[in-house]
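Everything below concerns the one structure shown next.
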Amino acid sequence: MTGSPSPLIARAWLAVGLLWPAALLNYLDRQMLATVRESVMRDIPSIETAERFGYVMATFMWVYAFLSPVGGVVGDRFDRRRVIALSLLVWSAVTWATGRAETYTELLWLRGLMGVSEAFYIPAALALIADFHPGRTRARAVGLHQTGIYAGMALGGVGGYIAQAGSWRDGFQLFGLIGVLYAAILFFALPGPERADGERRPTAGVGSTLGALWGSLSFLLLVAYFTLPAIAGWGIRNWLPTYLGDTFGLKEGPAGLSATGYVTIAQFGGALFGGWAADEWHARTPRGKIFTSAIGTSLCAAALVGLAFADSIALAILFMLIWGLGWGVFDANNMPILCQITRPEHRATGYGFMNLVSISVGAGATVVMGRMRDSGVSLALAFNVSAAIALLGALLVLFVRPRRID
């Protein structure tokens, strides 16, 4: 690195700090709809069934998934700062408009538009953080950014209380406006596109990027690993409030906040600890981040089984905390592991493809869970199956072979 290291270090952490509120809004805006399901279905009768509500949730996921590689390509080839700010601006405007939807069809279109706009944020943001943190702070920095996502998930549960106090629409219009204002701040305040070492970020053609990614066995294994635990992850995000309400008789507000609050508390700790532990373990072996992540995924699998058999809300809370801890460890290390097997100019695209596969499968699982509930099948069965799938992912990631790139 050239020049004084202190300004570069400060700039690297400034980027993470400015992206944290954007990450919060990214997940708050998408999660809030799941926590106000009953209010939305009462207000928009054309939704009719839980399965159709599942399609509303899945529409966002499918569009978001299929456009994530496009978002990755854009993030690798253009100024990531501009990509991030514009993405935040558009999805916030869509969030505001969601609060004015009157029909099932309008809601489907708006969730699709949200998927378009949000697809450009995560690949560019995580790749930018990886550029600024090439050393032993990478997993820590990614983990800190992911806590913004968890905060957004937790605040999504507030939507249930806003719905009880007035209308479910109020929360969407409030947070949509906040996002539009913050996008303007981010556009001017986020550090520029140059790398933290003062050098221009390299770029690569789309063809060479695709060849480098899909010609790598380690990348294929990482895509599978990213996907398998995510089946359970999307199920928890979209149906845990409903599961708690059905199983323990909780009302919409307490069920929504419980489903997001306890999990989020543990995810904070898991992401921060998982980032620190992975960076420290990596200093001893290049496979340190892989081992740390596999342990986190195994904790998620154990928690899912526990949730399926919990016979009290106290036990359910315990397993939600274990789930959150494991997920935080898993989540903090996906981009750092990707950075061990891909060059900087391929990373946003690589993460975009990881999103494509994992979220597409997760969207299908979301619809299946809605169909199960309509048919009277307990969601506990889905949790048990998801646990076995997550364990398979923990095994696969152990075969990823890191390379010395940075």
Between the range 6-25 and the range 70-118, the alpha-carbon center distance in angstrom: 22 Å
- line: Mean projected area, convex hull of alpha-carbon positions in the range 310-406, reported to one decimal in nm², is 7.6 nm²
field: Residue order, fewest to most surrounding Cβ atoms within 10 angstrom, among L181, L108
entry: L181, L108
- request: Please turn the phi angles of the range 107-118 into ³J(HN,Hα) values with the Karplus equation 6.51 cos²θ - 1.76 cosθ + 1.60 (θ = phi - 60°), one per residue in order, whole Hz, x for glycine and proline.
  value: 5, 4, 5, 5, 5, x, 5, 5, x, 4, 6, 6
field: Theoretical ellipticity at 222 nm over the chain - DSSP helices of four or more residues, -39500 (n - 2.57) apiece, nearest 500
entry: -27500 deg cm²/dmol
- prompt: Among E102, E38, what is the fewest-to-most ranking by other Cβ atoms within 10 Å?
  reply: E102, E38
- prompt: Considering only DSSP states other than H, G, I, E and B, which chymotrypsin sites (Phe, Trp or Tyr not before Pro) in the range 85-172 qualify as loop sites with at most 16 other Cβ atoms within 10 Å?
  reply: none
- request: In whole Å, largest first, what are the principal axis extents of the Cα atoms in the range 289-332?
  value: 35, 13, 9
statement: Highest GNM mean-square fluctuation among G328, G207, G270, for the chain with Cα springs under 10 Å, belongs to G207
field: Given the chain, longest segment not containing exposed loop trypsin sites (Lys or Arg not before Pro) (DSSP; at most 15 other Cβ within 10 Å)
entry: 285-402
field: Test item: Cα-centred dipole of the chain, Lys/Arg +1 and Asp/Glu -1 on Cβ, debye
entry: 1000 debye
message: I want to verify a result. In a Gaussian network model of the chain, Cα cutoff 10 Å, which of these has the top mean-square fluctuation: G376, G275, G156?
response: G376
- prompt: Where Rh denotes the Kirkwood radius from the mean inverse Cα pair distance, what is Rg over Rh for the range 6-399?
  reply: 0.95
- prompt: Can you sort V94, V361, V206 so the residue with the fewest Cβ neighbours within 10 Å comes first?
  reply: V206, V361, V94
task: Find the eigenvalues of the gyration tensor of the Cα atoms of the range 1-117, then list the square roots of 5 times those eigenvalues as equivalent ellipsoid semi-axes, largest first, in whole angstrom.
output: 36, 15, 11
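Every number here is computed from the coordinates shown, using simple stated rules; none is lab data. Keep in mind the model is a prediction, meaning the values are calculated, not measured. No Cβ is skipped: glycine too gets one built from the backbone with ideal geometry, and neighbour counts run over all protein chains shown.
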